[in-house]
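In what follows, a single structure is set out as structure tokens and then discussed.
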Amino acid sequence: MHRYKAQAATVLLTALAPASWGTTYVVTTRLLPPGHPLFAGLMRALPAGLLALALTRVLPRGEWWWKTAVLGVLNIGAMPLLFVAAERLPGGVAGTLGAAQPLLVAGLGLLLLHDRPTAWRLTWGVLGMLGVGLVVLGPQARLDAVGVLAGLGHTATMAGGVVLTKRWGRPPGVGPLAPAGWQLAVGGLLLLPLTLAVEGVPQRIEAGAAGGYLWLGSMGGLIAYTLWFRGIGRLPVAASAPLALLSPLVATVIGSTLGESLSLPQILGFALALTALVAAQLGPTGPRTKEDKLDEDRIDDDRRARGHRDGRRPGGRRGERARTPGAGAVPEAAGERRP
């Protein structure tokens, strides 16, 4: 029961990341200066990454330099594609492209993790994508070719980042904040020269745009990616990937609060997508992979270590002191010899 409660808490915290990313569309179209997707990606990544480095004061070691570079490119460096899609497509259309991420993660997980997805989760992944499509696609949906390619490119890179993050984990003794900072810094440094060469800095950044950049870099950047990488490390990859459905659903809810009305098919699609997201967490998990077994062993070792530090038997109740060998035994009678 304790393990189920811990997993539910992990799912809820991890879900905050795609939920915050669902605000990207409205922030981009209503607050940020148009025509600067590279600068938006830079402001979302580099300041947050440098802040995380200053807080943790931990740098990669050994092979984690090149692993961080790869993950930084996949998870962060391709971020401007999301802003290109948000500018050239309606927010819902861009969100629908992101809803394909669970299916891409399932395919990559089979190749790289040898994690065969269950029919249950594959079915709900397809239904979830169909549900999002019902919500956001309509007769007036504009399909710009560049925007569609940008959205699919961002979805594919994020799927690769999810699978490799699960495969590589993180260095021993390093919390999730440090790897998030590494990747944000790498992605930001990659975007810096490209931004200056192609776009430059917007001529005018008003107060609303400054607030938008601050939101994207804090909640949508450092906090979201820290929770996301933490959740990927603790949850099965087939359970964490469907949480990406929250992004277009949150974008839809925001749109409805701004005066956009939902038709009956959209309401049914919203319910279907939300049901698919929950069902993917509650369904059968299938056979455990080697990585899942290692994660469970690590959690059990951490629990036993905390038990020893608290002075209690491993697995015992808190406050119950560990017994030394022979403690509580009946003293031998006088003159009685040991066998």
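The values are calculated or read from the model by the stated rules, or taken from the named source; none is laboratory data. Treat the numbers as computed from the prediction; the structure is a model and nothing was measured. Ideal geometry is used to build each Cβ from the backbone, glycine not excepted, and the neighbour counts take in all protein chains shown. Remember, those area values only see protein heavy atoms, side chains included, never the ligands or the DNA or RNA. Shrake-Rupley method; radii C 1.70, N 1.55, O 1.52, S 1.80 Å.
Below is a table of values for the structure above.
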read-out	value
Test: LEU103 is out of contact with any Asp or Glu (no Cβ under 7 Å at 6 or more places or on another chain), open to solvent by less than 20 Å² (accessible area, probe 1.4 Å) and either part of a helix (DSSP H, G or I) or of a type in the set (Val, Ile, Thr) (or both)	no
Of all residues in the range 13-27 being more than 14 Å from PRO242 (Cβ to Cβ) and at pLDDT 85 or above, the one that is surrounded by the most Cβ atoms within 10 Å (Cβ to Cβ)	TRP21
Flag if VAL73 is modelled with pLDDT of 90 or more and in a loop (DSSP other than H, G, I, E, B)	no
Some residue of the range 44-60 being modelled with pLDDT of 90 or more and among the charged types (D, E, K, R)	yes
Filtered residues of the range 223-269 (kept if part of a helix (DSSP H, G or I) and out of contact with any helix residue (DSSP H, G or I) (no Cβ under 8 Å at 6 or more places or on another chain))	VAL253, SER256, THR257, LEU264, ILE267
Selected residue [more than 30 Å from ALA9 (Cβ to Cβ) and among the small types (Gly, Ala, Ser)] from ALA210, ALA224	ALA210
Check on LEU81, modelled with pLDDT of 70 or more, part of a helix (DSSP H, G or I) and crowded, with 21+ Cβ neighbours inside 10 Å	yes
